[in-house]
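See structure below.
The values are calculated or read from the model by the stated rules, or taken from the named source; none is laboratory data. Owing to the predicted nature of the structure, the values given are computational and were not obtained by experimental measurement. Every residue, glycine among them, receives a Cβ derived from its backbone with ideal geometry; neighbour counts consider all protein chains shown. In case anyone asks, the SASA skips ligands and DNA or RNA and just uses the protein heavy atoms, side chains included. Shrake-Rupley method; radii C 1.70, N 1.55, O 1.52, S 1.80 Å.
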Amino acid sequence: MSVQYPFVNEPLPYAYDALEPYIDEKTMHLHHDKHLQTYIDNLNKLLEPYSQFQEWSLEELLFNIASLPAELQTGVRNNAGGVFNHRFYFENLKNPSGEPTGMLAKAIKEEFGGLEAFKEKMKAAGLSVFGSGYAWLVVDALGRLAIMTTANQDTPLPLGLCPVLNLDVWEHAYYLKNYNMRASYIDNWFKVVNWEQAEKNYRFCLGME
Ligand code: MN
């Protein structure tokens, strides 16, 4: 995966139709090949005249938005955010999904009371986003799991929160298959969560990987 300028749109880690029938092939083509590609192109264009930032990773750019030149900040927020959020979203999908295991399963039980209770809370968060954005499962500074939302292509990174899962609730993520029914898209998303990868993300957040 390209970690710095010039960013490249790496192929999905599975076939476009791998998430059928939960997330459709056409949506995956558009989402990866058009939407993510546009964020990558815009980010490369933005960084082209700034050689001093061309070795920075997405995470470094996003953590340090406030210290970037003022004229770069909005563009980095939207486009580095758009690249980070989409790569993270695609990486954390898998069909068949499986069930949470290991440390993450235990933490979900402790924090939310169980998987079903977690799903209800995550779904409510996804439905609560007005307009475009994401719901997130994150690890906070105290090492505890939390659910939060971000608007547009904002990420939890500048808040010092470490992502475990993200749920893209932009209409482009679901409109072709689910029309305006975000709730049915979210129910389908739960069927293709890559819990194995989420466990790795969780351990990384705790400093274990
Ligand atoms: Mn999207």
Between residue 111 and residue 48, what is 0.36 nm times their sequence separation minus the Cα-Cα distance? Round to one decimal in nm.
18.3 nm
The chain: longest stretch without exposed chymotrypsin sites (Phe, Trp or Tyr not before Pro) (DSSP loop, at most 13 other Cβ within 10 Å), sites themselves excluded?
1-129
Spatial extent of the chain: Rg and Dmax, with the Cα atoms as the point set, Å
16.7, 50
With 0.36 nm assigned to each residue of separation and the Cα-Cα distance removed, residue 191 to residue 130 gains 19.6 nm
I'd like the carbon and sulfur percentage of the solvent accessible area for the chain, probe radius 1.4 Å, heavy atoms only, ligands and nucleic acids excluded.
53
Quick one: dipole size for the chain, taken about the Cα centre, charges +1 on Lys/Arg Cβ and -1 on Asp/Glu Cβ, in debye to the nearest 20.
400
If I model a spin label at residue 179 and residue 70 as a point 7 Å from the Cα along the Cα→Cβ vector, what separation in nanometres do I get?
4.7
Take the alpha carbon atoms of the stretch 25-91, find their radius of gyration, then divide it by 2.2 N^0.38 Å using N residues; give the quotient.
1.14
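May I ask for the percentage of alpha-carbon pairs in the stretch 146-202 that lie more than 14 Å from each other?
Working: 980 of 1596 pairs.
I get 61 percent for the Cα pairs in the stretch 146-202 exceeding 14 Å.
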So what is the calculated 222 nm ellipticity per residue for the chain, using -39500 (n - 2.57) for each DSSP H run with n of 4 or more, over all residues, to the nearest 500 deg cm²/dmol?
-13000 deg cm²/dmol
I'd like the accessible area for residue 155: 1.4 Å probe, protein heavy atoms, all chains in place, Å² to the nearest 10.
10
How large is log10 I(q)/I(0) at q = 0.15 Å⁻¹ when the Debye formula is applied to the Cα atoms of the stretch 102-205, each weighted equally and without solvent?
-0.59
Compute the distance from the alpha-carbon center of the stretch 142-165 to that of the stretch 1-16, in whole Å.
22
Residues of the chain: accessible area per residue at 1.4 Å, in Å²?
48
Put +1 on the Cβ of each Lys and Arg and -1 on the Cβ of each Asp and Glu in the stretch 58-175; which of 124, 141, 113 then has its Cα farthest toward the positive end of the dipole?
113
Quick one: net charge of residue 96's neighbours, Cβ under 13 Å, K/R +1, D/E -1?
-1
Mind checking which lysines have their Cα closer than 16 Å to the Cα of residue 94? Skip sequence neighbours fewer than 8 apart in that chain.
191, 200
